[in-house]
Structure formats: structure tokens, C-alpha cells
Amino acid sequence: MICCKEIDEYIKFVEENPEETDEEIKLLIKNIIKPTLSRDDVFFDEEIFYKAIKYCEKWYYKLFPYQKFTYALFFMYDKNNPDIVIFPDILILMARGNGKDGMIMPLANFLQTHYYGVKNYHIDIVATSEEQALNSFNVVYNMLEDNKKTMKKYFYWNKTEVINKITHSILRYNTANAKTKDGKQTGMIIFNELHAYEDYKQLNVYTSGLGKIKHSRTVTITTNGIVRDGPLDEKLALSTEVLNGENNFLGLLPIIFKIKDLKTVDVPMKKFLKTGDKQDIDITVWCQANPSLRYMPVLMNEIIKDYIKMQKQKSYRVEFYAKRMNLPQQDEEDAVTDWNNILKASYIDIDNRIPRPVPDLVGKCAIIGIDYASLNDFASAGFLFKIDGEYIWRQKTWICSKNKFFNDIKFPFENIGQDGFQDFEVVNTETIEAEQIILWLISEMSKYNIKKWIMDMYRFQLFKSEFEKYGISLETKDNPYGLVRMLRYPASIYAIIAPRIEIAFADGKINIGDSAIMRWAINNTCVKTRKDGNKTYEKIEPKLRKNDPFMAFVVAMSGQELLDEEVIYV
């Protein structure tokens, strides 16, 4: 049984202050920390741990109890092979202002030293912006500058790297193109603000350098953000599994501080807003996302100001919840639906990522929706069903790799073929041919009873000759039962169906399957209110955040009343 005063004290604090710590921390202690402490194959290097505490508090600042608790977990090793750490993948998620850099960078600097004793234990700080990377790096740089007389005996340093003279361990920051960084021999990688990453392109390049030095680790320090279905959401989903007691083969240590729910956010300020007396502010539940709050009066003052600002400026609401409370929300005025509803359209169990069940669709009535914005961009087509009040959508998307923006599009195309990434195709030709889409639809439609094909007029002429070529009739005044319907005024149609789609999402009546590209497309779409009061759909960002898969669903939904028809044969 491993005994550590700092771990025991923090566990006691959590048990005695249940309202001040979130459910994730309680699960961390129950299902990860306590079982680890009781293992007989784990070695805790108590001596080095206390050297780390002493070094960091001497040269930086006094550590808070939860920070000492976290530090201790860095020094857990496989007893049979002490070169291997028990937790090689550490996630620290807390709200803005709690001192993420001030917590991790003193420890990173300690790991460079002879007190830790690992030669060439290089540490890379990885961030999406130079400013963010420098904020982390400068914690160490400024300490060295402030203590030059002593520190020059042990370190060389400049504005880009810090080198320990004894161990030759280098601390450096990185913001350049990931392609130039492959092959680094790294002991520890610090990923700063993971929420800003939309894919793994840069992250994977850095992690490929791990494993060449003992005690390999990645440390992710981040707040939450507004990017959805990216690396952070994936890591949080994995964290949920581990926190709930599933096998932790990857050695993930998820230290997650976030507030319970929206209602909880308002609790500390309720009485104060009536009395105006700061003594009536009870910060207890805010500490769930802000573990430094009880020790930092300045942080408390800033959060109070931000809360009041959020009450007066609704445009600040999304940022406040995401950054100050680690509770990401979407702007309800612009979002098609909130992120939880999008996940609900894919999963019957969101936390465990269990896909929604689908009934047998063979022979069922369906509507085909097509969205085809550009010859060398994206195209999507799919089948819409309505069964027992549930709208079921199954689609395919074609992406042209020759598009000049292809490499910048914020979607992980490299995951193609994996679960959730099986309903799109990357086309390596100059254009996406209309015939390619129609042939796929024809091959699939034989399984179903197709009521109508629907698309808007924007690219209709490109398809018209293909429809005629394959004998697919067009709906006209003279032929109202033609199979293909062209939407002449899509904006007017959107005004009618946008509220229906919103309600269907809220009621959990939309089933898109485990489709990452559909979730991405929905989240890339905003709803705008026009001057006449009607709603319309727009892209949030036109070049890099595509919404074609969702818009194909929208045009199919414009004919959803055809799925309500009941045919009785006598």
C-alpha cells in the first residue's frame, strides 16, 4: 500500500467538501487513485517527489493542495520496470485563470534537473499560437532571469530554449509547421490548450518522438472550448470510460475540474444579486471548475466580474461557460441545436458512445436529398426515413482532394474507415462528377421505396442530363409525379422546416448514426433570422467548415410529409 501525505490530504478534502469538487474528481479518486495506491506492482518515488515540491516552492511559488496531489502522481512507476511511468498520458482540465502554466511549468523545469536525474529528458511545449507557447515557456525563463546568479551554474537559456548543464535536458516551445518536427527525441510533451485543435495532424507528429527516452509522458493542460468532436472531445470521451472503471490500458490520468451543470453556475451569485453585499457570494460550487479559487482572491474577483458581464452581455455567455466553468455551450441564437443534442442524434448512450439502434430499413419509404455546392469541393447525398416518429438519415459525402483548401479543412479525413468515419470518400480527381453521385444513389435505392429525389436549383443543371440519361423523371407542372423535385426558393423552404428540425433534435427524434462528418457539418451550420423574421441556414465559416452533409439532410426534410403517407392496398 502506497502512502503519501499529500495524496491522502487531498482525498480527505474531497470527501469532506463534496460540493466543492466535481463528479469527475470523485470518480478519479474512487476508480483510479485508490486502486493504484493499493497495487503491489507500483513504485512511488517519494524521495524525488519531495525534491520536486521543495524545488518548485523555492524557485517558483507555494503549491496548492490539489497541485501537490497532482505532482505526486507523476512519480508513480512500474515496480518491475522503473523506466515506465504508471500514467504516461495526463490530462489536466480546469477553467481559465487557475494557473495551468504556473502549475505544470515549475515541474517541467524540475524534470530537467540532476535532482530528477534523467539525461536528455527533453520537454516540448506545443501550442497553436506563439503567444500561448511563450506564456508557458516564460514561466521558466522569467524565473531563471530573476535568479541569474544561482541559475547560471545549472542552466543555459535564451528566449527559445532552456538547457540544463548537467543532464543536457532541453525545454523548448513549438509553434511552427508540424511537418518540420518529426523524429524529435522527447521525454515529455506538454500540449497547451488542446481545445483549440480540430484534428490530430500536429499532435501526432510530436508524439511520434516518444519512447526513446525513459519516463515518456504527454501532459495536456487545457480549458474547454467551442471546437466540438476534435481531439479534446475524444480524450474526454475516453476519460469518461476510464473514470467509470473501464480498463485503463493507455495509462490515462484524467484530472478534470468542471462545474456540474448550468443551474449550478448561478448558485453563488443568487443572494448577492439581491443584496449587493459581497459577503453573500458563496464560491463553493464555482470551485468545481476552479480549484485555485479559494486560494486566489484576484481570480474570484475576475470571475464575479465576468459573471455580471455575462448577465448583461448575452454574446459573452458562450465564452463564460466554456472558459470560466468548463461547461461548453453553443450560442442558442445561432446554433442549429446544442452539442448534446447532436451527440444524442448519434448515440443512445453519449458517455459510453453506444450508437443509436436502427430498424431494418429494407423496403421502407425514403426521400433522397442532395447537396452539391461546387465541382471541386464537397458533395453529399443521403436517404431520409421516418419510422415511428424518428427521422433516420444515412448519407455519403464526396470530398475533392484537389481543392486548394483541402489540407486546411478542419476535419480528420485520415481517420477514414474507422468507426464513425465510414460514410465519406476522398476523390483524387479534379472534380466530383454528378454521375458518380447518381450511380451511388441508384445502387442504394433498390433497397428502398423512394418517394422523391430533392435538391435545390443551384447545381440542378449539372444533374439534369444525368437524370435524363438514367431515366429518372423530373417533377414539373405537367408531371407532378416525377421523381426529382427542384427547390426553386430554398430560403423559403428553410424558413418552414428550420423550426421542425430544431424540435426534432430537441426531442431526440433525429438519428444520424455514428457519423463524425454529419456531427461536424451540423456544428458548422448556424441559423440566422432574416429581416422578415424567418430563419435560414448559413455556414459558420465558408471555406474550411463545410456543412454539405447537413444541407443534404435539410433538403430531404423539405419533403418529409411524403413519408407520412400511408398506402393501403385492397
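The values are calculated or read from the model by the stated rules, or taken from the named source; none is laboratory data. The structure presented is a predicted model; accordingly, all values stated were derived computationally and were not measured. Note that each Cβ is placed from the backbone with ideal geometry, even for glycine, and that neighbours are counted across all protein chains shown.
So the values come out like this:
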| quantity | calculated |
| --- | --- |
| Subset of region 269-298 that is out of contact with any Phe, Trp or Tyr (no Cβ under 7 Å at 6 or more places or on another chain) and charged (D, E, K, R) - its residue that is nearest to residue 14 (Cα to Cα) | 294 |
| Residues (surrounded by fewer than 17 Cβ atoms within 10 Å (Cβ to Cβ) and in a strand (DSSP E or B)) located in region 427-450 | 449 |
| Residue, surrounded by the fewest Cβ atoms within 10 Å (Cβ to Cβ), within region 238-265, restricted to residues that are outside any loop (DSSP other than H, G, I, E, B) and charged (D, E, K, R) | 263 |
| Filter result (crowded, with 19+ Cβ neighbours inside 10 Å and touching an Asp or Glu at 6+ places or on another chain (Cβ under 9 Å)) within region 217-226 | 217, 218, 219, 220, 221, 222, 223, 225 |
| Any chance residue 329 is outside any helix (DSSP H, G or I) and either touching a Ser or Thr at 6+ places or on another chain (Cβ under 8 Å) or basic (Lys, Arg) (or both) | no |
| Some residue of region 371-393 being more than 32 Å from the chain's Cα centre (by Cα) and surrounded by fewer than 18 Cβ atoms within 10 Å (Cβ to Cβ) | yes |
| Meets criteria (closer than 28 Å to residue 77 by Cβ, small (Gly, Ala, Ser) and in a loop (DSSP other than H, G, I, E, B)) for residue 225 | no |
| Residues of region 351-366 classified as surrounded by fewer than 18 Cβ atoms within 10 Å (Cβ to Cβ) and within 20 Å of residue 501 (Cβ to Cβ), total | 1 |
| Single condition residue 235 does not satisfy, out of (1) outside the structural domain of residue 82 (by the TED database); (2) touching a residue at least 24 places away in the same chain (Cβ under 8 Å); (3) in a helix (DSSP H, G or I) | (1) |
| Boolean, residue 482 is at positive phi, surrounded by 13 or more Cβ atoms within 10 Å (Cβ to Cβ) and either not assigned by the TED database to the domain that holds residue 557 or not basic (Lys, Arg) (or both) | no |
| Number of positions in region 451-479 that are aromatic (Phe, Trp, Tyr) and buried (at least 17 other Cβ atoms within 10 Å of the Cβ) | 4 |
| Helices (runs of 4 or more DSSP H) contained in region 58-149 and holding at least 3 residues under 27 Å from the mean Cα position of the chain (by Cα) and hydrophobic (A, V, I, L, M, F, W, C) | 100-111, 130-146 |
| Qualifying residue in region 523-530 (condition: assigned to a helix (DSSP H, G or I), surrounded by 13 or more Cβ atoms within 10 Å (Cβ to Cβ) and not acidic (Asp, Glu)) | yes |
| Conditions (1) modelled with pLDDT of 95 or more; (2) exposed (fewer than 13 other Cβ atoms within 10 Å of the Cβ); (3) not polar (S, T, N, Q); number of the one not met by residue 424 | (2) |
| Any chance residue 246 is in contact (Cβ under 8 Å) with a residue 60 or more places away in the chain and either touching a strand residue (DSSP E or B) at 6+ places or on another chain (Cβ under 8 Å) or farther than 20 Å from residue 196 by Cβ (or both) | no |
| Qualifying positions in region 369-424 - in contact (Cβ under 8 Å) with a residue 60 or more places away in the chain and polar (S, T, N, Q) | 380, 395, 397, 415 |
| Residues located in region 1-38, provided they are hydroxyl-bearing (Ser, Thr, Tyr) and out of contact with any Phe, Trp or Tyr (no Cβ under 7 Å at 6 or more places or on another chain) | 21, 36, 38 |
| Filter pass, residue 51 being in a helix (DSSP H, G or I), under 23 Å from residue 290 (Cα atoms) and either in contact with a helix residue (DSSP H, G or I) (Cβ under 6 Å, 6 or more places away or on another chain) or basic (Lys, Arg) (or both) | no |
